[in-house]
Amino acid sequence: MLICCHVIQRSIKIKSIMMKKILFSTMLLFALIPARAEWVRVDTVAKQRVVHYFDPDSTQKNGYFIKTWVLSSYDQKQAGGYQSVKSLYELDCQEGKARSYTLLLYPDAKAASSVIGAQHDPSEDWFGYSANSPLGHIAKIVCGK
């Protein structure tokens, strides 16, 4: 009987590990979906060495809150070997604040190759942005302001 219970517990543990792997793979797949996005350039003059884009098709609205993907493309490789970053931001359209959810680092300027670094740690901290910043321009479009 003791052996039977041990086998059942081991089976449950293996199933739990498999479910975690499936969940992780699914999350990674959703993180990579914007790779085929139609990026819209956000023209700002704040920084000459980086161009920002956003994907209007990825925009998800929930009341005053909007999540959207932003692509930051640098003219040269940055420390750490990346040249572009895709960031998932949540915008609070009512308060004019944002927070990041996910960062994906790519070695090329258009984020067309494989991810070389990632961070998925939804920030608890909201930050303000100016109207002339890339997020300010994106907010004007997605928030309708």
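The values are calculated or read from the model by the stated rules, or taken from the named source; none is laboratory data. Keep in mind the model is a prediction, meaning the values are calculated, not measured. Please note: Cβ atoms are built from the backbone with ideal geometry, for glycine as well, and neighbour counts cover all protein chains shown.
The residues of the stretch 130-145 that are of a type in the set (Lys, Arg) and in contact (Cβ under 8 Å) with a residue 24 or more places away in the chain amount to a single one, LYS145. Is the stretch 81-91 home to any residue that is at pLDDT below 95, on the phi < 0 side of the Ramachandran plot and charged (D, E, K, R)? No. Would you confirm whether or not the stretch 58-67 contains a residue that is more than 15 Å from VAL142 (Cβ to Cβ), surrounded by 15 or more Cβ atoms within 10 Å (Cβ to Cβ) and modelled with pLDDT of 95 or more? No, that holds for no residue.
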